[in-house]
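Working notes, beginning with the structure itself.
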Amino acid sequence: MHNIWRGKKNLTALAPMADYTDSPFCRICREIASKPFIAFREMVSSEAIIRGNEKTFKMCEFNKIERPIVIQIFGAEPKNIAEAANAICEKYKPDGIDINMGCPVPKISGKVLAGAALMKNHNKAVEIVRILKKINLGVPVSVKTRLGWSKEDEILTFAPKLEEAGADAITIHGRTKIQGYAGQANWKMIGEVKKIISIPVIANGDIKSAEDIKKCLEITGADGVMIGRGALGNPWIFKNDEYEITNQELINTVLRHARLHLERYGERGIVTFRKHLAWYFKGDRIVGIKNVKKLKAELMKINLLEELKKILQTQISV
Ligand SMILES: Cc1cc2nc3c(=O)[nH]c(=O)nc-3n(C[C@H](O)[C@H](O)[C@H](O)COP(=O)(O)O)c2cc1C
């Protein structure tokens, strides 16, 4: 088995983000990344896969340029997750399968007892990893989780159980389920986990710059970092060190991303591309824009790629 997690140091990973880390965005990040890089795709439902839901299958498609690609599955029933993982591996041959054990959204952690709910049911979580290892998918099986459901040190008992069950790597978002996205990610606690298990540990939460990557690796001693929101509208975070983009580069990347997005979703896809535009033009990263407010307002109304091109070319000085 080719194990993408083995022998990697200072790895950077794109976090799985529903509605964002689709094929076009993973491809953009891959093209820009100059550090060791793994892209995680947005989570897919094991139940939808075994029902043969076409839309869910399509969410797993990728271009081989995006490799290494990890597909994340959420679910609660070990057998169903195994069946779904098998179907995905047979059809798409990703480089890894990841199990979501951290999602706090009520639809997932409340109703179906998947995602973060698995942190309250260690036996079920262990059973999931065991069965996935047993059916021998031919790719590594990793887990993405949080520090705990309500206490930050729950991970100190959970992570060793996942390792023992055979997990090939673990990503830890430095917050509890109860915290949601509030407060500051606790990188120190991730460091405590790193000390007690020997599979690769990937640290996640609040990494927004090259400096954060360095600091997080230092504090956690982790094998890599995973970046979510810090990569939205900022794929350059996967480049070496603090990288200053030019306005021309920004325009080129936005337009390339938009074209890939339209190839994937069709002409109407420009409407769902607006969410990426909001991130590309968030904050004050871009200098030389004549009227930022006007630019943003116009971008949120575009209906055609040509309109996007025109707005960028006329309102941003290069
Ligand atoms: C819009 C959005 C969608 C997300 N979707 C997923 C998902 O599908 N699976 C998952 O494990 N985590 C998901 N997360 C959590 C992120 O992967 C990550 O753990 C979290 O955002 C913290 O990292 P960050 O501070 O770098 O963003 C999502 C987060 C956001 C903001």
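The values are calculated or read from the model by the stated rules, or taken from the named source; none is laboratory data. Since the model is a prediction, treat every value here as computed from it, not as a measurement. For neighbour counting, all protein chains shown are included, and Cβ atoms are generated from backbone atoms with ideal geometry for every residue, glycine included.
Within the stretch 186-210, track down each residue that is of a type outside the set (D, E, K, R), without any contact (Cβ under 8 Å) to a residue 60 or more places away in the chain, out of contact with any Pro (no Cβ under 9 Å at 6 or more places or on another chain) and more than 13 Å from residue 153 (Cα to Cα). Across the stretch 186-210, the qualifying residues are 198, 201, 203, 205, 207, 209, 210.
Here 56, 21, 12 are screened, and the one residue that is in contact with a strand residue (DSSP E or B) (Cβ under 8 Å, 6 or more places away or on another chain) and in contact (Cβ under 8 Å) with a residue 60 or more places away in the chain is 12. Taking the stretch 161-219 as the range and being under 26 Å from residue 121 (Cβ atoms), within 20 Å of the chain's Cα centre (by Cα) and of a type in the set (Ser, Thr, Tyr) as the test, the residues that pass are 171, 176, 181.
Scanning the stretch 238-250 for residues that are over 24 Å from residue 309 (Cα atoms) and at pLDDT 90 or above, we see that the one that is surrounded by the most Cβ atoms within 10 Å (Cβ to Cβ) is 238. If the condition is being surrounded by 20 or more Cβ atoms within 10 Å (Cβ to Cβ), away from the ligand (no atom under 13 Å from the Cβ) and part of a loop (DSSP other than H, G, I, E, B), then the stretch 1-32 contributes 4, 5. Scanning the stretch 33-47 for residues that are over 18 Å from residue 140 (Cβ atoms), more than 9 Å from the ligand (Cβ to nearest atom) and not in a helix (DSSP H, G or I) yields 33, 34, 35, 45. Of all the residues in the stretch 59-82, those that are among the charged types (D, E, K, R) and within 16 Å of the ligand (Cβ to nearest atom) number 0.
Quick check on my filter: what residues within the stretch 62-87 are in a helix (DSSP H, G or I) and either under 17 Å from residue 101 (Cβ atoms) or more than 14 Å from the chain's Cα centre (by Cα) (or both)? Within the stretch 62-87, 64, 65, 78, 79, 80, 81, 82, 83, 84, 85, 86, 87 meet the criteria. Filtering 27, 6 for residues that are among the charged types (D, E, K, R), outside the structural domain of residue 89 (by TED's automatic domain parsing) and in contact (Cβ under 8 Å) with a residue 40 or more places away in the chain leaves a single hit, 6. Of the conditions (1) in contact with a strand residue (DSSP E or B) (Cβ under 6 Å, 6 or more places away or on another chain); (2) within 15 Å of the ligand (Cβ to nearest atom), residue 85 fails just one. Which one is it? With (1) in contact with a strand residue (DSSP E or B) (Cβ under 6 Å, 6 or more places away or on another chain); (2) within 15 Å of the ligand (Cβ to nearest atom) applied to residue 85, the lone miss is (2).
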